[in-house]
Amino acid sequence: MNSFPGNFAELESGVRSALETYSNVHRGRGHYSIVTTHLFEQARDIILEYLGLDKRVYTVIFCTEARASVLRSNLEAGSCTIISSHETGLCLGVTAVAVKRKALPKGLPYEAGGGTANLIGPDWVMWADAPGRFEAGTPAIINIIAFAKALRMSGKRGKITFTDQAAEKLSAEEILYTDDLVGYSGHELLARLRSSIIGLDTVVPTTEGSRPYINLDNAASTPAFEAVWDAVCKTLRQPLQVQKDIIREVRSVCSGFLNAPQEEYETIFTSNTTEAINLAADKLSRETFTDTETVILNTYLEHSSNELPWRIHQGFSHVRLGVDDEGMFDLEELEAIMKAYNLDGRYGKKRIRLVAVSGASNVLGSFNNLGEISMIVHRYGARLLVDAAQMLAHRKADMQSAGIDYLAFSAHKMYAPFGTGMLVVRKGIPGFSPSETQLIRSSGEENAAGIAALGKAIILLQRVGFDVILEEEQVLTAYTLRALSQVPGLRVFGIKDPGSSRFSQKGGVILFTLKGILPTKLAKELAIQGGIGVRSGCHCSHLMIKRLLHVPPALESFQRILITLFPAVTLPGLVRISLGIENTREDIGKLVGTLGKISGKPRLPSADRNIINKEKERSPLSRAEVKQQMKEFVETVSARIFS
């Protein structure tokens with residue numbers, strides 16, 4: 001079996017190229033999302049090629065070992081072939097199930113969340129086709145690309161295993177706590193992390209010529225810090241015992257970060273937030289309460305990953321709490337609902353056992369007060385689950401002080417996009433059998449590299465300080481809102497006034513429309529004219545987007561029929577920008593300048609006018625030329641990674 005250090009160098013070079021153009025897949029309109037989607041789908045073809053299977057007959061579903069076990073149990077014998085990353089010696093936590101398309105099970109998916117549904121109504125769901133219906137949440141995209149790269153290398157050279165006997169043996173502490181940034185903290189460390197974002201200076205084609213890409217899609221997924229990537233590379237080269245030490249240390253890091261003492265909370269590594277919430281739903285569905293029926297309460301604000309799992313799992317019913325147009329929960333309504341169910345018994349045997357809410361909205365950027373919510377929830381004998389996916393790169397969660405019973409989050413929204421998430425659960429809550437627990441734990445812990453990335457990112461963010469992160473984010477968000485207000489015909493949703501008493505509860509996620517231009521078209525124009533990556537559509541928050549757009553029930557029913565008859569039709573939505581650590585006022589100036597060119601000249605601060613005037617001096621390219629250059633750009637990145 002072919003094994004030498006050069007294998008690692010080639011693998012790492014290819015994966016780093018993928019990180020330079022990384023974004024979330026399928027729904028983004030920017031260059032990075034287009035490239036990453038191409039690489040992700042190409043990985044399926046490489047798996048089938050390696051296994052010698054016909055892609056007209058088979059498809060590939062990427063999952064964890066635990067998810068693969070569930071999927072296989074629902075398939076006929078002989079209808080699938082399974083291969084995992086550990087067979088190459090890589091601790092990536094990726095399992096690929098190559099399954100005959102006709103053999104895929106019908107009915108509800110066994111896990112639900114982002115990506116598993118095409119359209120969602122208050123009491124119905126139009127599920128996606130395979131493979132998306134079986135890949136709940138954001139996949140481990142970079143790990144999957146790495147796995148496909150490893151198999152492509154094996155296919156050309158004979159089976160390769162990635163072990164490096166000559167690699168320097170490092171301790172978990174050296175990998176997680178030692179780096180070139182050790183002497184820095186606060187604003188200075190933040191500046192250095194900003195400049196260390198992988199892909200920060202990547203140049204992309206636009207109608208104004210080649211220009212640096214501007215990533216305003218951080219709510220979908222964040223890029224990686226160099227120090228995080230370095231921790232991944234070092235972990236991949238370490239022996240199993242060191243990897244186990246890293247997992248143990250990162251569990252301790254997360255416990256401290258969340259103020260969730262290990263003697264009071266259990267921590268379970270997962271592939272993403274979606275898997276974590278599905279596990280929580282599965283745990284709850286196994287509980288029995290004497291003479292009562294279990295009800296789950298969540299809100300109209302939720303991402304699909306904190307909404308759909310409560311629909312598909314058996315054993316409970318589901319009600320929703322109202323939200324205002326700024327993304328804030330009505331605490332008086334929450335108390336009234338809790339009292340009606342759990343104290344007054346107005347709904348017979350039904351009792352609210354769990355309230356499941358987002359820590360921060362992925363569409364309106366609102367941060368609700370978890371401490372106040374928790375007091376009401378516990379006052380009436382229920383538990384609190386927090387979907388913290390959009391929260392933890394911006395503000396800390398204090399599980400013990402806030403009384404949070406379950407918390408779920410993902411590393412790929414915390415500058416560590418290597419396929420790891422976590423479910424943190426208060427001990428003593430019933431759940432899985434010992435054998436099931438072991439499978440779930442071992443499945444998540446297969447991805448030692450992703451776990452190292454998560455730990456490293458948390459350590460770096462804590463060294464910066466969340467007070468510093470919040471201060472910079474609030475300043476840039478206020479600047480962005482003021483700049484957007486100068487674009488003719490542009491409408492912002494949610495908290496839009498930096499002078500509002502609620503502005504302190506606003507994060508760097510901003511939804512908007514531009515009069516006369518469909519959101520999908522606007523997002524494409526921002527990419528093609530400005531090299532700016534944003535996202536458009538319903539953002540896996542269908543119910544809230546339709547409420548903001550005041551979609552009446554009759555139109556919602558028509559949309560359902562339309563999508564059934566014409567699946568390729570794009571329905572109305574909203575454009576979203578989402579700020580990250582790398583973003584600057586100059587980025588916003590370029591955004592507003594590009595919006596101005598699309599809508600008509602805006603009134604801009606003089607500094608931003610200078611940016612636009614410089615851009616006008618460039619020779620414009622036709623859309624056809626840009627589209628051809630974008631195609632070549634995608635092909636070049638693909639060749640650099642997989643050839």
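The values are calculated or read from the model by the stated rules, or taken from the named source; none is laboratory data. None of these values were measured; they are calculated from a predicted model. With ideal geometry, Cβ positions are generated from the backbone for all residues, glycine too; neighbour counts draw on all protein chains shown.
For segment 214-228, filtered to residues that are over 16 Å from the mean Cα position of the chain (by Cα) and buried (at least 24 other Cβ atoms within 10 Å of the Cβ), the residue that is nearest to Asn143 (Cα to Cα) is Val228.
Would you be able to tell me the number of residues in segment 254-273 that are under 28 Å from Gly89 (Cβ atoms) and buried (at least 20 other Cβ atoms within 10 Å of the Cβ)?
As a first pass, look at segment 254-273 and keep what is under 28 Å from Gly89 (Cβ atoms): 254, 267-272.
Filter once more, so that each one left must be buried (at least 20 other Cβ atoms within 10 Å of the Cβ): 254, 268-272.
Qualifying residue count, segment 254-273: 6.
Six or more apart or on different chains, Cβ under 7 Å: which pairs go from a residue in segment 27-48 that's on the phi > 0 side of the Ramachandran plot and touching a residue at least 40 places away in the same chain (Cβ under 8 Å) to one that's surrounded by fewer than 24 Cβ atoms within 10 Å (Cβ to Cβ) and not aliphatic (A, V, I, L, M)? Could you list them? Filtered contacts from segment 27-48: no entries. Annotation note: of Gly209, Gly183, the sole residue that is touching a residue at least 60 places away in the same chain (Cβ under 8 Å), small (Gly, Ala, Ser) and surrounded by fewer than 16 Cβ atoms within 10 Å (Cβ to Cβ) is Gly209.
Name every residue in segment 162-189 that is of a type in the set (Gly, Ala, Ser) and farther than 18 Å from Leu236 by Cβ, in order of residue number.
Just the residues of segment 162-189 that are of a type in the set (Gly, Ala, Ser), to begin with: 166-167, 171-172, 183, 185-186.
Gly183, Ser185, Gly186 - these are the residues of segment 162-189 that are of a type in the set (Gly, Ala, Ser) and farther than 18 Å from Leu236 by Cβ.
Scan (1) among the acidic types (Asp, Glu); (2) touching a Ser or Thr at 6+ places or on another chain (Cβ under 9 Å); (3) surrounded by fewer than 24 Cβ atoms within 10 Å (Cβ to Cβ); (4) at pLDDT 95 or above for the single condition Glu287 breaks and write down its number. Against the list (1) among the acidic types (Asp, Glu); (2) touching a Ser or Thr at 6+ places or on another chain (Cβ under 9 Å); (3) surrounded by fewer than 24 Cβ atoms within 10 Å (Cβ to Cβ); (4) at pLDDT 95 or above, Glu287 comes up short only on (4).
Of the strands (runs of 3 or more DSSP E) lying entirely inside segment 318-427, those containing at least 2 residues that are aromatic (Phe, Trp, Tyr) and within 22 Å of Asn278 (Cα to Cα) span 406-410. Residue pairs whose Cβ atoms lie under 7 Å apart, separated by 6 or more positions or on different chains, with the first residue in segment 431-446 and under 10 Å from Thr270 (Cβ atoms) and the second surrounded by 15 or more Cβ atoms within 10 Å (Cβ to Cβ) and modelled with pLDDT under 85, are Ile440/Phe432.
Taken over segment 64-98, the criterion of being among the hydroxyl-bearing types (Ser, Thr, Tyr) and either crowded, with 21+ Cβ neighbours inside 10 Å or not assigned by TED's automatic domain parsing to the domain that holds Ile145 (or both) is satisfied by Thr64, Ser85, Thr88, Thr95. Scanning segment 58-85 for residues being closer than 16 Å to Ile440 by Cα and either over 23 Å from the mean Cα position of the chain (by Cα) or of a type in the set (A, V, I, L, M) (or both) gives a total of 7. I'd like to verify a number: residues in segment 110-128 that are in contact with a strand residue (DSSP E or B) (Cβ under 9 Å, 6 or more places away or on another chain), under 12 Å from Ser557 (Cα atoms) and not in a strand (DSSP E or B), how many? Of the residues in segment 110-128, 1 are in contact with a strand residue (DSSP E or B) (Cβ under 9 Å, 6 or more places away or on another chain), under 12 Å from Ser557 (Cα atoms) and not in a strand (DSSP E or B).
The condition of being touching a strand residue (DSSP E or B) at 6+ places or on another chain (Cβ under 6 Å), at pLDDT 90 or above and either part of a loop (DSSP other than H, G, I, E, B) or acidic (Asp, Glu) (or both) holds for only one of Leu53, Leu92, that being Leu53.
Could you run through segment 156-196 and say how many residues are assigned to a helix (DSSP H, G or I) and β-branched (Val, Ile, Thr)? Residues meeting the conditions: 1. Of all the numbered requirements in (1) in contact with a strand residue (DSSP E or B) (Cβ under 6 Å, 6 or more places away or on another chain); (2) part of a loop (DSSP other than H, G, I, E, B); (3) over 17 Å from Ala389 (Cβ atoms); (4) not basic (Lys, Arg), Val295 misses one, and that requirement is (2). Of all residues in segment 515-535, those satisfying the criterion of being in contact with a Lys or Arg (Cβ under 8 Å, 6 or more places away or on another chain) and surrounded by fewer than 24 Cβ atoms within 10 Å (Cβ to Cβ) are Lys515, Thr520, Lys524, Ile528, Gln529.
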